[in-house]
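Working notes, structure below.
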């Protein structure tokens, strides 16, 4: 995705990122989605400032606030987003003077401040589910001179009292576009949101709401946001799929020439996820560089494993259950490959008036096929 556009440059200059970053942060890695060790402004002010003005995300909370201290927690649950991503999404929002904007996911408050600087605080509503994050963001906004309506609540429900909105900016990853949010946008209004598949991969989609209550539009690039809290899932352990038996249990053996590496990058994962239903991967890695790709279904009926070894020409497969998950994933990958390996920007999404979402390639008239 692109960088800062000239119409947002005055807001960027007026709203320094450092005003919305806490003392302790975990900088994101330039490649991938992991975090570096923590940086503390009080003990390493120069390192903290370098992190703040680097083009990386900054994790600011772990485990919904249950983790404390300088070490990493289990799951990052709040961040100050990567600047290039922030401004790419703001550019996609395509605001006009006096646009009424709903932001879902206040986080540290930086986006709300940028929107308030550009549009005026009275035109911005921001919703945050975490009361502590909301309180600290509200304090930072006030100290910087901004006063958008800051609501503590379920972002998936939007904020109906201030609807309708001209624009909605969602700063958490979704697997489903909430119907309540679409309903709160006027016809012709725009929703910009990260959208993730069950299989993995994620892109930012730009939806335009229609008169009939549906919404449709293209993806504008890749993304990697934390999941909206209301759409998180708890995965069953692999032992639940094996019925208490040691692997490979009742799995049926075969071999494949398709490498697990082929289906493990962000873009092919996204393309596979748009075609498959309820399938998700997990890689069990080993010290010698080999790994086992596990595939499981959300219904806990089927599983598959594919063993990767560096330099191998064939890979051992075991599958069990009514669904042949590896064959589904391979079929989805073949379709993507056969279309010329399209990037995120060639895909789009339509959300019908009854809340059903369907993906398409190049135009809504060309739906992405379903596998399985």
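Read-outs throughout are calculated quantities, based only on the coordinates presented, and are distinct from any laboratory measurement. In this text, all values refer to a predicted model and were calculated from it rather than measured experimentally. Positions of Cβ are generated from backbone atoms using ideal geometry, with glycine treated the same way; all protein chains shown enter the neighbour counts.
Largest mean-square fluctuation among 339, 230, 275, in a Gaussian network model of the chain whose springs join Cα atoms under 10 Å apart, belongs to 339.
Projected onto their three principal axes, the Cα atoms of segment 238-338 cover extents of 38, 32, 21 Å, largest first. Taking packing as the residue-averaged number of other Cβ atoms within 10 angstrom, the listed peptides 205-212, 241-248 run from highest to lowest as 205-212, 241-248.
Taking the longest Cα principal axis of the chain as reference, the axis of helix 325-338 is set at about 70 degrees.
Taking the fewest neighbouring Cβ atoms within 10 Å as the starting point, the ordered list for 197, 352 is 352, 197.
If you build the convex hull over the alpha carbons only and average its shadow over all orientations, what do you get for segment 25-86? Give it in nm² to one decimal.
Values: hull surface 16.3 nm².
Mean projected area of the Cα convex hull: 4.1 nm².
Using R0 = 41 Å, the C-beta based FRET efficiency linking residue 186 and residue 339 works out to 0.75. Summarising the strand pairing of the chain, around 75 percent of its internal DSSP beta bridges are antiparallel. Beta bridges from DSSP with both residues in segment 99-258: antiparallel share about 40 percent, rounded to the nearest 5.
On C-alpha positions alone, give me the angle between the axis of helix 266-275 and the longest principal axis of the chain, in degrees, nearest 10. In the chain, helix 266-275 runs at an angle near 70 degrees to the longest axis. How far, in degrees from 0 to 90, does helix 83-93 lean away from the longest principal axis of the Cα atoms of the chain, to the nearest 10? The answer is roughly 80 degrees. Highest-first packing order for the peptide set 249-257, 354-362, 103-111, 216-224 is 103-111, 216-224, 354-362, 249-257, based on the mean count of other beta carbon atoms within 10 Å.
Counting other Cβ atoms within 10 Å as a rough exposure proxy, the listed residues 169, 115 run 169, 115 from fewest neighbours to most. Most exposed first by the Cβ proxy, i.e. fewest other Cβ within 10 Å, how do 225, 280 rank? Taking fewest neighbouring Cβ atoms as first place, the list is 280, 225.
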